[in-house]
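See structure below.
The values are calculated or read from the model by the stated rules, or taken from the named source; none is laboratory data. Note that the structure is a prediction, hence the values are computed from the model and not measured. So basically every Cβ, Gly included, is an ideal-geometry build from the backbone, and we count neighbours across all protein chains shown. Calculation scope for accessible area: heavy atoms of the full protein, side chains included, ligands and nucleic acids excluded. Shrake-Rupley method; radii C 1.70, N 1.55, O 1.52, S 1.80 Å.
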Amino acid sequence: MKKKGAIFDMDGTLLDSMGMWYDIGTRYLAECGIRAQADLSDILLDLTMEECADFIKRTYLPARSAQEIIAGMNAVIADGYARTVQLKAGAKNFLYALKARNIKCAVATATDKQLCLPALKRLGILALTDVVLTCGELGTAKTEPLIYQEAAHALCVPEAETVVFEDLLTPIRTAVNAGFCTAAVYDDFSASSWQEIKQLTNIHVYDYKDFDMSIFAD
């Protein structure tokens, strides 16, 4: 069945931004004039923003509140989205190719809309997509399929005719279990789970230029 819609994750799938999130603690402390321990990024990797702030407060900035630290880290992230984060290789040309085929496209991201929109606009992606949905505005997470289902609904394309593009194992598993055709886009930060991702997905590529467009309607 030819596909008529595409739903894209943002970080690590359209944007080469996972490194920015990985280094957020180190970058925030650098803004504060503090050199972080070498393994800080690994320590914070699986923590929530609140847990990261608590660790940084205990270890480096006891005089600051957790709320102040979170605000500071958010400011660093916002600046990265607004000024420095770049697209994954081939992503923009791929979106142009979809637009040329009249394929409807959505962005479905766990990142807050106030952070992601400046980056999508600066990089010329916003004009190539029909809708942008965030987990925050839907009150959900990518452990549940709601954001993909709502994106397909917003595109007015049946789920069976929609491809979900992701880079991480958990959201890929969610999309697969919900019955979506899934396409994995390689990112260095998902390297450890790439073999499992390849087994789960219908399509898996290292670069958008390797994608077979014949799956989409002409």
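The table for this structure:
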item: Residue check for ILE125: over 18 Å from the mean Cα position of the chain (by Cα), under 20 Å from VAL185 (Cα atoms) and in contact (Cβ under 8 Å) with a residue 60 or more places away in the chain; result: no
item: Qualifying helices (runs of 4 or more DSSP H) (wholly inside the stretch 1-112; at least 1 residues being without any contact (Cβ under 8 Å) to a residue 60 or more places away in the chain, among the small types (Gly, Ala, Ser) and surrounded by 15 or more Cβ atoms within 10 Å (Cβ to Cβ)); result: 24-31, 40-44, 49-59, 66-79
item: Residue count for the stretch 195-218, restricted to those that are within 19 Å of the chain's Cα centre (by Cα), over 17 Å from VAL164 (Cβ atoms) and open to solvent by less than 70 Å² (accessible area, probe 1.4 Å); result: 1
item: Residues being over 20 Å from LEU200 (Cα atoms) and either among the polar types (S, T, N, Q) or open to solvent by less than 50 Å² (accessible area, probe 1.4 Å) (or both) - total across the stretch 155-176; result: 2
